[in-house]
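Report on the following structure.
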Amino acid sequence: MKLTLQEIANLIDGSIEGDNTKEIYGLNSLVNADLNQISYAVSEKYKDAMIKSQAGAIIVNQELKEHCKTNVIIVKNVYLAYSLLSHKFKQTQDINNLTFGNEVSYPNTKIASSSLIGKNVEIGAETIIHHNCVIEDDTSIGQGCLIESNVTIQHGSIIGDNCIISPGAVIGSEGFGNARNNKKWSAIAHLGNVSIGNNVSIGANSTIDRGSMSNTEIHDGVKIDNLIHIAHNVIIGEDTAIAAKTGIAGSTKIGKRCMIGGAVGIVGHLNITDDVIINATSTVNRNISKPGIYTGFMPIMLHSEWKKVGMWVSKLDKIASFLKIKLKNIR
């Protein structure tokens, strides 16, 4: 694929200083880009790399353009511009590398001939499905989606428009619900589905369980990293981002625009409000009703010991204030 700098500038809402007819064939780093590729820089720390770069063009903000010795495209948000452009090149690569089938049943789509499509499945126009995917009965996939290799979307799942599902992800698997029968477990059948909104991305080998009776819901704009587990009946609000290895237990509701770091564990049946940031490796075991940045982790210990320690940890701020007053009075 090739794009002129003018076409790229139109796509990323930028202005060109240089040759707007210059043709670009791909993206690369400042160090490795050649005359037919474009790169980007986000800060002054890349000054030397910009000066030495052999790229045919560089995407920068107004302050960095003086360091470039080649064509530049000036934008307000460099990283966002890079994000938009990366998908433009990737989509073309995806289309060219597939052996297609199913075009008769699903016109204006690209579906690898090795993928299996069930009964009563709806697939929107411009959607691409890679090799060895399984799309089970009564599933709905919207327009402009990218479903990568070895994805399983189980029966009744609903996927919105412009979603990306990375290799190995499983959508709609049975949730982990069991009733105790003396010393044995009796599995609970999960009768709900998974509902995924528009512009959602789901990372490789992540799993989203179907609801027990109502649906598990992933709302518009949510970004889910690799190796994440989302249990039954979880609801995740718009534009929340979740980093790798996070586990969210059943029936927890997470608000809009939250940022959840890697390896976070979230206990079930909690409510987390909008605009919350949870730092990596934290454990969330209570509701969060106020926006802000939260961190919570302690060394592992016997639970009986933790109950005592946890009680004192929650009182440390009050204890410190009390001691300050006492010390002040002594002096």
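FYI, it's all coordinate maths here, none of it is from the lab. Owing to the predicted nature of the structure, the values given are computational and were not obtained by experimental measurement. Cβ atoms come from the backbone with ideal geometry, glycine included; neighbour counts cover every protein chain shown.
So here's what we get for this one:
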read-out: Coil-residue trypsin sites (Lys or Arg not before Pro) of the range 169-249, DSSP, other Cβ within 10 Å capped at 13; value: 183
read-out: Charged-residue dipole, Cβ positions (Lys, Arg, Asp, Glu), the chain about Cα centre, Debye nearest 20; value: 2280
read-out: Paired Rg and Dmax values of the range 104-294, which use every Cα atom, in angstrom; value: 16.7, 55
read-out: Formal net charge of residues neighbouring residue 54 (Cβ-Cβ distance under 14 Å; K, R +1; D, E -1); value: +1
read-out: Taking all pairs of distinct alpha-carbon atoms in the chain, Kirkwood radius in angstrom; value: 23.0
read-out: Helical segments meeting 20 Å axial Cα length and Kyte-Doolittle 0.0 threshold in the chain (DSSP H); value: 316-330
read-out: Contact order relative to length of the range 143-199, as percent, for alpha carbon pairs under 8 angstrom and 6 or more apart; value: 38
read-out: Charged-residue dipole, Cβ positions (Lys, Arg, Asp, Glu), the range 104-294 about Cα centre, Debye nearest 20; value: 800
read-out: Most fluctuating residue given options 287, 108, 32, as computed from a GNM of the chain linking Cα atoms under 10 Å; value: 32
read-out: Candidates 153, 288, 111, ranked by Gaussian network fluctuation over the chain, Cα under 10 Å, top entry; value: 288
read-out: Cα-Cα over 18 Å, subset of 2/88; 2/110; 245/290; 223/256; 88/110; 76/256; value: 2/110; 245/290; 76/256
